[in-house]
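Participant: This is the structure I have questions about; it appears just below.
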Amino acid sequence: MSFPQSTLAPAGPQAQQIADLGWTFFAVCAVVWVAVLATLAWGIFRRRAGADPGPVVDPGPRAEARTTRVVAGLVGATAVTLIVLVGLSTRTGNALAGLGLAAPLTVEVTGHQWWWELRYVAPVPSQTFTTANELHLPAGIPVRLVLRSRDVIHSLWIPALHGKKDLVPGRDGELTLVAAQPGIYRGQCAEFCGVAHAEMAIRVVVEPREDFDRWRAAQRLPALEPATAEAHRGKDVFLRGACATCHRIAGTPAGATLGPDLTHLAGRRSLGAGTLPNTRGHLAGWIANAQAVKPGNHMPPQPLEPADLQALLAFLEGLK
Ligand code: CUA
């Protein structure tokens, strides 16, 4: 099931707290707005009934004192309303911060221009693995996200699960969230970070615990060996060509970390951080000229011979 990218459709306790706060603000502000406009309308229309209001007369000290009391009372009510709203905001902030204590899973989320690096940290270094743009989480289990940036300020925003949080270069941020039910959630970079900012999406795949464990076990393995002669040739194209200067594939000599880790590329649903569905045709277009698809991204066009491109596609499609 796919959930809308909306703060009004919360799918976890953090997002629920934020949505509740948002609705409270909406209700209070709506009441204030209606009261102000009703008062304004009363002020405009009350004299209309009798045509001539006559000369201005001194209302006298008693009426003066009453007006002062009314104005003072309304100023007080305004101050109390603002203080209550600030208090509710602070309480929500504290409630969100207080959930960060017992998260059994940590994922390091690093923002790049313009994609997300996701590193699943394990106590044993050999069990740690890296993927990109598709965050898998177990349902109902608190997850701690450590937020970093490699270049400029980005902002992680998965509205159905949590509020926005900036990824600031040189300073680790943190976010703990729980996704209540399995499904696919969309997120988006929410801080302008350069030309391809709008194409910096993240997909969150929330699975039941057993499915997540199976996914994680598969991600920890090195890449599958090519199954066909063509895929073997594609691996050569990958390792000898420009691909290996930026990308890593575990289990091969390709170990660069400038671009997304491609060890299990074929298992991901999208290309270019949510820009294209991950199909053979789209992948071919992306490799041939990613600039035409997502202008400004750091992958240069790859003018490959058609046979080499087909072989490369066969190899990449085998990286389940
Ligand atoms: Cu990254 Cu906007």
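Participant: Within 10 Å, Cβ to Cβ, of A139, how many net charges do the neighbouring residues add up to if Lys/Arg are +1 and Asp/Glu are -1?
Facilitator: Computed value for this residue: -1.
Participant: Now a separate question. Work out from phi, with θ = phi - 60° and the Karplus expression 6.51 cos²θ - 1.76 cosθ + 1.60, the ³J(HN,Hα) of each residue of region 252-260, listed in order in whole Hz, and give x for Gly and Pro.
Facilitator: Rounded to whole hertz, the list is 10, x, 6, x, 6, 10, 6, x, x.
Participant: Moving on. Dividing the convex hull volume of the alpha carbon atoms of region 217-256 by its residue count, what do you get in Å³ per residue? Kindly include the intermediate steps, with their values, before the conclusion.
Facilitator: Details: hull volume 2.4 nm³, N = 40.
Convex hull of Cα atoms, per residue: 60 Å³.
Participant: Here's something else I'd like to know. So, counting K/R as plus one and D/E as minus one, what does the shell of residues with Cβ under 12 Å around S2 add up to?
Facilitator: Local net charge: +3.
Participant: Same structure, new question: Hey, with R₀ at 35 Å, roughly what FRET efficiency would A288 and I141 work out to, going by the Cβ-Cβ distance, to 0.05?
Facilitator: Working: r = 41 Å, r/R0 = 1.17.
Step by step, r from the Cβ atoms, then E = 0.30.
Participant: Right, another one. Quote the charge dipole size of the chain about the Cα centre in Debye, to the nearest 20; the model charges only the Cβ of Lys and Arg (+1) and of Asp and Glu (-1).
Facilitator: Here the chain has a charge dipole of around 700 debye.
Participant: Projecting each Cα onto the charge dipole of region 167-215 (Lys/Arg +1, Asp/Glu -1 at the beta carbon, about the Cα centre), which of G187, L175, F212 comes out farthest on the positive side?
Facilitator: About the Cα centre, the residue reaching furthest to the positive side is G187.
Participant: Also, I was wondering about something else. For T7 and T90, what is the calculated FRET efficiency with R₀ set at 25 Å and r taken between the beta-carbons, to the nearest 0.05?
Facilitator: Working: r = 19 Å, r/R0 = 0.77.
It comes to 0.85.
Participant: Quote the FRET efficiency, to the nearest 0.05, computed for T228 versus S126 with a Förster distance R0 of 35 Å and r equal to the Cβ-Cβ distance.
Facilitator: Once rounded, the FRET efficiency stands at 0.75.
Participant: What is the set of long-range amide H partners of W116 at a cut-off below 5 Å, with H atoms built 1.01 Å from backbone N?
Facilitator: N133
Participant: Which residues does a label at I83 reach in region 1-42, if reach means a backbone N under 20 Å from a point 7 Å past the Cα toward the Cβ?
Facilitator: 25, 28-29, 32
Participant: May I pose another question? For a quick check of your reading of the filter: which chymotrypsin sites (Phe, Trp or Tyr not before Pro) in region 190-272 sit in a DSSP loop and have no more than 16 other Cβ atoms within 10 Å?
Facilitator: For chymotrypsin sites (Phe, Trp or Tyr not before Pro) across region 190-272 that sit outside H, G, I, E and B with at most 16 neighbouring Cβ atoms in 10 Å, the list reads F192.
Participant: Can you give me the relative contact order of the chain as a percent, contacts being Cα pairs under 8 Å and 6 or more apart?
Facilitator: 17 percent
Participant: Considering the chain as a Gaussian network with a 10 Å cut-off on Cα pairs, which listed residue, T130, T78, T257, attains the greatest mean-square fluctuation?
Facilitator: Fluctuation is largest for T78.
Participant: Length gain on complete extension for the stretch W23 to L221, per 0.36 nm per residue less the alpha carbon to alpha carbon distance?
Facilitator: Between W23 and L221, full extension yields 66.7 nm more.
Participant: Under the Karplus relation 6.51 cos²θ - 1.76 cosθ + 1.60, θ = phi - 60°, what is the ordered set of whole-Hz ³J(HN,Hα) values for region 140-157, x standing for Gly and Pro?
Facilitator: Each residue of region 140-157 in turn: x, 10, x, 10, 9, 9, 9, 9, 9, 9, 8, 9, 10, 7, 10, 9, 7, 9 Hz.
Participant: Just to confirm a number: summing +1 for Lys and Arg and -1 for Asp and Glu over residues other than G259 whose beta-carbon lies under 14 angstrom from that of G259, what do you get? Present the calculation step by step, with values, prior to reporting the outcome.
Facilitator: Values: positive: R150, R248, R268, K294; negative: E117, D151, D261.
Every neighbour counted, the sum reads +1.
Participant: Express the Stokes-Einstein translational diffusion coefficient of the chain in µm² s⁻¹, to the nearest whole number, given a Kirkwood radius over alpha-carbon pairs, 25 °C and a viscosity of 0.890 mPa s.
Facilitator: Reported coefficient: 106 µm²/s.
Read-outs: derived from the displayed coordinates by stated rules, not from any lab. These numbers were taken from a predicted model, which means no experiment stands behind them. Glycine also receives a Cβ, built like all others from the backbone with ideal geometry; neighbour counts cover every protein chain displayed.
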